[in-house]
Every structure is written in C-alpha cells, then in structure tokens.
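**Q** This is the structure I want to talk about, given as structure tokens.
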Amino acid sequence: ILTNRSGPFAECHWHESPAPYYESCVYDLCRYGPGNRMLCAAVESYDEMCAFHGVEAAKWRQGLRCDVTCPANTYFDFCGPPCPASCVSLNSSTQCTKPCVAGCFCREGYVLDAGRCVPVSQCGCTLDGRYHRLGEEVILTDTCRRKCSCRQPAQPMRCQDHACGALETCKVVDGVRGCYPVKFGTLWVFGHPHYHIFDGLDFDSKGTCKYTLSKYCGPPGNLPDFTVKVENEHRGSITASWTRLVELDLYGERIAVAVGQYGQVQVNGSLVNLPLVLASGKLYAYYSGSSVIIQTESGLSVSYDWSHYVTITIPEIYSGLVCGLGGDFNGDQSDDFRMPNGSVAPDHVSFVNSWKDVDSPFHCTAVGPQTECNKGAKNKYRVQSYCGIITHMEGPFQRCSNLTHAQMFMESCVHDLCATKGSHKTLCNTLRSYAVHCQSHGITIQPWRQLAGCGKPLISGAPSLMVTHKFLTVF
Ligand SMILES: [Ca+2]
C-alpha cells in the first residue's frame with residue numbers, strides 16, 4: 001500500500017520516498033509477526049510525513065482494518081490462529097489444521113478464558129468438562145467422598161478422599177455440592193397438652209390415649225427406625241390431660257420414662273438409674289436441667305421432664321420421612337395432619353385420634369366441649385402473679401422474652417389455668433417447662449420458683465453427666 005503507484009499514497013511519492021518506510025514495515029512485520037498493529041503503525045508514520053508535506057492520502061485505514069478496535073489485551077490479525085489457546089486448552093493451536101482467520105487475538109502471554117484474554121497465570125482448571133477458577137475447591141459424589149482443588153493454572157485438578165464432619169450433611173445448596181451443618185427440627189409438647197410440631201404448627205389436644213408422637217416412615221433400612229409414643233392422663237380435672245409417659249423404641253431397645261419415676265427410666269421394662277448407655281453406645285440417656293435426655297448416634301434426641309414437657313429433635317436427614325402427631329418435617333404445614341392411612345385429616349381432633357395406639361386405655365378419646373374461661377378469668381391469669389411472669393420484661397424470664405415462643409407459652413399457660421380453674425400446680429408446671437425451654441436455648445434465667453410460689457427446685461444437685469459425645473446436640 002505504501003509503494004503502490006495507484007494506491008492511496010501515490011501523490012505523496014513525489015514529496016517523500018516510500019522506500020525506507022516500506023523496508024522498515026517489512027522488517028517490523030517479520031520481526032513482530034503478521035498482526036496489523038505493526039502494519040498500521042508503519043503506514044501511519046508515512047501518512048504523517050505526507051501530511052507534513054501537505055498531501056492528504058486517500059482513505060486507507062478501513063482496507064487494512066486499522067480502524068478496528070480490539071478489546072483489552074488483544075490485537076487484530078488478518079491471519080490469526082483458527083484454534084486460539086484458551087485456559088481450557090493451552091495447546092489447542094498446535095493440533096489445529098484449519099486455515100487462519102481474521103479477527104482480534106490475545107496478546108502474547110495471554111489466553112482466552114470465557115471470551116476474555118487473561119494472563120496464562122490466571123487460568124483455572126477443568127474437571128469433567130467443567131471449568132474451575134484457580135484456588136477453587138469442589139466436592140464430588142453424592143456422599144461428598146471426593147474433594148478436588150485447582151492449584152496450578154491449566155493443570156488437572158488435584159483430588160483426594162473426603163468426608164463430611166459428624167454434624168455435617170452432604171447436599172447441594174445453590175447448585176454447589178458440599179458438606180453443610182446439619183439442621184435440626186424440634187417438636188415439643190407441654191401443658192395439657194399443647195403441641196408445637198416440626199413444621200411449626202401448633203395445636204392442643206386433651207385425649208388421654210397413647211399416641212404415636214413421631215416415627216420413621218421412610219423406606220425400610222435407609223435410616224434408623226425409631227418410634228416415640230406418648231401417653232396422657234388427667235390430673236385434678238377431667239377437662240385437661242398431661243403427658244405421663246414417653247416411650248422410645250430404637251435399636252431394638254425400649255426406653256420408657258414415666259411421671260413419678262424421677263431420675264430413672266425403664267429399659268425394656270426394668271427401672272434403671274441415669275445415666276445409662278445402650279446399644280453399644282448408639283443410645284444413651286442423661287440428665288440435663290430437670291429433664292432426661294435420650295440421645296442417639298443418628299442425631300435424634302428425646303427429652304422428658306417426668307412431668308409433662310416432652311421434646312423430640314431430629315436431624316434434617318429425616319425431613320419428609322417421619323409421621324405421627326409431629327407431622328412429616330418437610331417444611332410445609334399444610335400436610336401436617338396426615339393420618340396413618342395417608343390422607344390429610346380435616347381437623348386436629350380426627351388427626352390426633354387417628355394416631356391413637358391400639359393398646360390405649362379404654363375411653364381415652366377426648367370428648368365434650370373445649371373448656372374456655374371468660375374474658376375476666378383470662379385477664380386474671382395474664383397478670384404477673386400468674387402467667388404474666390413469662391413475658392414480664394423485668395421478671396426472671398426477661399432474657400428469654402425475645403424468643404418467639406414466649407407468647408405461645410403465655411397463652412398456653414392461660415389456657416391451662418382456665419382448664420384447671422387456676423390450679424397453682426399447673427402454673428408451676430408450666431413455668432418449669434418454660435424454664436427448661438429457655439435453658440435449652442442457652443438462655444440464663446433468674447430464680448423464679450420462690451417468686452411464683454412454687455417452692456424450691458425439685459432436686460438440687462441432681463446427678464449429672466458431662467457428655468462430650470460427638471453427636472451431642474443442644475437444642
Ligand atoms: Ca409438613
């Protein structure tokens with residue numbers, strides 16, 4: 001284009017010889033490769049000299065693609081590599097037999113990475129066709145048994161065996177497989193009796209039958225098969241019932257905890273003192289506060305205070321695989337009244353009755369209207385000297401009042417006092433279960449018994465066991 005006598009610079013040849021520009025252009029292109037950056041620069045310098053002589057050359061940039069602007073770290077080439085190197089394939093150009101193509105190409109030392117040109121040192125790795133950034137770690141297989149990391153640019157990933165921790169579960173969150181902390185679901189039963197079940201639903205029931213509170217309903221053999229049953233009884237009034245027995249079947253053992261047997265549990269029918277270890281350490285029971293906690297290797301735990309306060313905590317691996325009064329723990333409240341026959345009960349009364357055990361006491365099903373007291377009586381029980389102590393901002397439970405369940409305990413307390421015509425024992429029982437509930441959430445409460453007229457703690461200096469088992473959870 002510089003020496004062509006009918007080209008855009010022909011008129012300039014009379015003022016300035018193109019020969020030296022031509023020679024240096026050829027030299028540059030030989031030296032630095034066929035990209036158009038050198039070509040454009042060489043032609044530009046002759047163009048500038050022509051302009052100095054007052055000669056305006058015809059348009060030449062477009063023909064040489066010198067008007068093309070390439071993205072960062074790239075240059076234009078009329079005849080560039082048809083299979084440019086990329087982070088995924090650094091040596092792709094060596095095996096490529098296609099003809100060269102025009103376009104923008106990465107500068108030397110840079111390669112393509114997701115459409116951009118990056119220094120080779122910033123490349124990641126590929127594994128099974130998927131690209132991973134430098135330093136990235138991936139966890140593979142359904143059980144998170146393998147961990148691979150990208151440590152060197154454009155190298156295969158380094159892999160090693162991996163396992164999730166004891167309180168972790170292998171799952172996919174936001175498309176990323178990994179070991180995540182196990183989440184637990186808790187249900188609790190208290191008062192006469194109020195149920196707060198795994199998916200957050202609350203209901204009351206006053207039958208005195210034996211009921212399946214929660215049991216494993218998934219495919220046999222996948223997870224430890226457990227059943228927790230509770231039996232209720234009337235105390236003082238036939239309008240209210242309380243949990244008198246909690247029964248856990250697991251690993252071929254039956255642990256039953258009954259009201260009045262404080263400090264002891266029944267193991268396969270025999271009364272045994274706490275603490276105890278069963279099923280080769282897979283099952284153990286110990287004191288915590290004034291309750292017994294039966295903890296299992298699988299993460300399931302059941303607690304009862306030998307009075308009326310029952311909790312079951314299960315790890316999320318049981319999600320959707322349990323049934324009973326506690327529901328299925330699938331995160332959806334709408335299907336929680338599912339009966340043993342698989343259909344959803346129209347109301348909580350038929351739901352509760354459907355989970356009645358065959359060996360329930362005769363005439364145990366709740367009948368008659370729900371006891372309600374008038375507004376005046378309810379207000380009476382809401383004051384500080386009764387249930388109001390639960391939510392009182394300067395009372396012994398003040399630190400616990402931020403718990404969302406404080407109001408629920410308060411209303412249940414009022415309800416139970418209504419049902420038992422203001423029984424002081426009911427009040428003390430309710431406050432005690434609330435105290436246990438607060439403490440199980442790690443909240444310190446102030447002495448409350450004397451204030452509420454409930455006497456001294458049931459047992460002071462109760463034997464306790466420091467348990468440092470890896471599956472122990474505090475709920
Ligand atoms: Ca549910």
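**Q** Relative to the Cα centre, what is the charge dipole magnitude of the range 355-447, using +1 at the beta carbon of each Lys and Arg, -1 at the beta carbon of each Asp and Glu, and rounding to the nearest 20 debye?
**A** Details: 9 positive and 6 negative charges, 63 e Å.
I would put it at about 300 debye.
**Q** When the helix-only estimate is applied to the chain (DSSP H runs of n ≥ 4, each -39,500 (n - 2.57), divided by the residue count), what is the mean residue ellipticity at 222 nm, nearest 500 deg cm²/dmol?
**A** Calculated at 222 nm, the ellipticity per residue is -5000 deg cm²/dmol.
**Q** Based on Cβ point charges of +1 for Lys and Arg and -1 for Asp and Glu, what charge dipole magnitude is obtained for the range 35-82 about its Cα centre, in debye rounded to the nearest 20?
**A** 160
**Q** What does the charge dipole of the chain about its Cα centre add up to, to the nearest 20 debye, if the Cβ of each Lys and Arg holds +1 and the Cβ of each Asp and Glu holds -1?
**A** In total the dipole reaches around 1440 debye.
**Q** Would you kindly state how much longer the chain becomes between residue 65 and residue 450 on full extension, computed as 0.36 nm times their sequence separation minus their alpha carbon distance, in nm to one decimal?
**A** Separation in residues times 0.36 nm, less the Cα-Cα distance, equals 129.3 nm.
**Q** Run the reach check for residue 210 against lysines, Cα to Cα strictly under 22 Å, same-chain hits fewer than 8 apart removed. What comes back?
**A** Partners found: 229, 356.
**Q** Please list 132, 348 from largest to smallest accessible area, probe radius 1.4 Å, with all protein chains kept in place.
**A** The ranking, largest first, comes out as 348, 132.
**Q** Still on this structure: Residue 173 accessible area, nearest 10 Å², 1.4 Å probe?
**A** 50
**Q** Where the accessible area of the chain is counted over protein heavy atoms with a 1.4 Å probe, how much of it, in %, is carbon and sulfur?
**A** 52
**Q** In what order, largest first, do 238, 443, 255 sit by accessible area if the probe radius is 1.4 Å?
**A** Largest accessible area first, the list is 238, 443, 255.
**Q** Within a Cβ distance under 11 Å of residue 258, other residues only, what is the Lys/Arg minus Asp/Glu net charge?
**A** Neighbour charge sum, excluding residue 258 itself: -2.
**Q** Work out the charge dipole of the chain with +1 on the Cβ of Lys and Arg and -1 on the Cβ of Asp and Glu about the Cα centre, then indicate which of 319, 132, 276 is farthest towards its positive end.
**A** 276
**Q** In the range 126-271, with Lys and Arg counted as +1 and Asp and Glu as -1 at Cβ, which of these residues, 205, 185, 152, has the Cα nearest the positive end of the dipole, that is, farthest along it?
**A** 152
**Q** Once you've got the Cα coordinates, tell me which of 206/421; 206/378; 206/425; 171/215; 215/282; 183/215 are over 22 Å apart. Intermediate values should be presented prior to the final figure.
**A** Values: 206/421 16 Å; 206/378 19 Å; 206/425 18 Å; 171/215 24 Å; 215/282 18 Å; 183/215 18 Å.
Too far apart for the 22 Å limit: 171/215.
**Q** Along the charge dipole of the range 259-397, Cβ charges K/R +1 and D/E -1, which of 385, 298, 329 sits furthest on the positive end?
**A** Result: 385, furthest along the dipole toward the positive end.
**Q** Sorted by average packing, counted as other Cβ atoms within 10 angstrom per residue and highest first, what order do 303-309, 105-111 take?
**A** Numbers: 303-309: 25.0, 105-111: 17.6.
Result, highest mean first: 303-309, 105-111.
**Q** How much accessible area per residue does the chain have, in Å², with a 1.4 Å probe? Spell out each step's value before the answer.
**A** Values: 24510 Å² over 475 residues.
Per residue, the chain has 52 Å² of solvent-accessible surface.
**Q** Once you put a point 7 Å from the Cα of residue 279 and another 7 Å from the Cα of residue 356, both along the Cβ direction, what distance in nm separates them?
**A** About 3.0 nm separates the two model spin labels.
The values are calculated or read from the model by the stated rules, or taken from the named source; none is laboratory data. Every value quoted in this text rests on a predicted model; they were computed, and no experiment measured them. Counting neighbours? That spans all protein chains shown, and the Cβs are built from the backbone with ideal geometry, glycine included. For the accessible areas, the whole protein counts, side chains as well, though only heavy atoms, and no ligand, DNA or RNA atoms are used. Shrake-Rupley method; radii C 1.70, N 1.55, O 1.52, S 1.80 Å.
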